[in-house]
Ligand SMILES: N[C@@H](CCC(=O)N[C@@H](CS)C(=O)NCC(=O)O)C(=O)O
């Protein structure tokens, strides 16, 4: 089901209590909000969070920071997998968000040894940053070499490739998101159908 053209009239009202996605319906329960869904999944499947207490605490902190923060990045660089945007200038707030993400990723990769943020296994914390991975690609955001390798690793995952391929063939457009994508730059390539 596509998003409504205008976010005030969400098409998901009636399906999701907030009118927003994701919203999971399972075993007679409705679980809305990405973090609550991830916690539910972690109760069903071991390994979603790291088994090691320090890595788990770090991963939870980083995922929570992503869940509630980075508003400038979200508004100046809305997720749009299929386009490449040349930003006119790197706004101070955007630079601060990107620098913080870079520092956070470096901390995780250095502390827990990679190749994922909290160690050897892909987990919820990596999933939380997946939309940022696509934003880095779409808006050419500059990161340190180690964080950039993490971006490449994430982009090569079959799940990310499938997400990307499906995004490219999506024909439906939300005008609000299209306008936001070019509010601070111009589209230099468009790989969408
Ligand atoms: N805090 C919520 C945020 C959910 C959210 O903002 N979802 C957006 C898409 S990313 C949405 O459904 N927007 C409805 C719309 O644009 O019509 C979560 O993490 O699940």
key: Identity of the residue in the range 150-178, modelled with pLDDT under 95 and surrounded by 10 or more Cβ atoms within 10 Å (Cβ to Cβ), that ends up farthest from residue 76 (Cα to Cα)   = 173
message = Between 97, 91, which is at pLDDT below 95 and away from the ligand (no atom under 16 Å from the Cβ)?
response = 91
query = For the range 6-33, which residues satisfy the criterion of being touching a residue at least 12 places away in the same chain (Cβ under 8 Å) and either in contact with a helix residue (DSSP H, G or I) (Cβ under 7 Å, 6 or more places away or on another chain) or assigned to a helix (DSSP H, G or I) (or both)?
reply = 6, 7, 22, 24
Residue that is modelled with the lowest pLDDT [pool: residues in the range 9-22 that are surrounded by 11 or more Cβ atoms within 10 Å (Cβ to Cβ) and more than 8 Å from the ligand (Cβ to nearest atom)] = 13
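Go through 185, 123 for me and flag whichever is away from the ligand (no atom under 16 Å from the Cβ) and in contact with a strand residue (DSSP E or B) (Cβ under 6 Å, 6 or more places away or on another chain). Even if it seems obvious, please write down each step before you answer.
Working: 123 fails: in contact with a strand residue (DSSP E or B) (Cβ under 6 Å, 6 or more places away or on another chain).
Checking each option against the conditions leaves just 185.
Let's see how each residue does on (1) within 16 Å of the ligand (Cβ to nearest atom); (2) assigned to a helix (DSSP H, G or I); (3) modelled with pLDDT under 95; (4) under 21 Å from the mean Cα position of the chain (by Cα):
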| site | (1), (2), (3), (4) |
| --- | --- |
| 1 | yes, no, yes, yes |
| 4 | yes, no, yes, yes |
| 35 | yes, yes, no, yes |
| 38 | yes, yes, no, yes |
| 57 | no, yes, no, yes |
| 60 | yes, yes, no, yes |
| 63 | yes, yes, no, yes |
remark   = Considering residues that are touching a helix residue (DSSP H, G or I) at 6+ places or on another chain (Cβ under 6 Å) and crowded, with 17+ Cβ neighbours inside 10 Å, the number found within the range 133-149 is 5
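For the range 78-106, enumerate the residues that are within 22 Å of residue 56 (Cβ to Cβ) and touching a residue at least 24 places away in the same chain (Cβ under 8 Å).
Residues of the range 78-106 that are within 22 Å of residue 56 (Cβ to Cβ), as a first pass: 100-101, 103-106.
Scanning the range 78-106 gives 100, 101, 104, 105, 106.
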note = Here the qualifying pairs (Cβ atoms under 8 Å; residues six or more apart or on different chains; first in the range 163-186 and closer than 21 Å to residue 8 by Cα; second assigned to a helix (DSSP H, G or I) and within 13 Å of the ligand (Cβ to nearest atom)) come out as 176/7; 180/75
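Can residue 153 be described as in a helix (DSSP H, G or I), in contact with a helix residue (DSSP H, G or I) (Cβ under 7 Å, 6 or more places away or on another chain) and within 17 Å of residue 129 (Cβ to Cβ)?
On the way: in a helix (DSSP H, G or I): yes; in contact with a helix residue (DSSP H, G or I) (Cβ under 7 Å, 6 or more places away or on another chain): no; within 17 Å of residue 129 (Cβ to Cβ): yes.
The answer is no for residue 153.
The values are calculated or read from the model by the stated rules, or taken from the named source; none is laboratory data. All of these numbers come straight from a predicted model, not from anything done at the bench. FYI the Cβ positions are ideal-geometry reconstructions off the backbone, even for glycines, and counts take in every protein chain you see.
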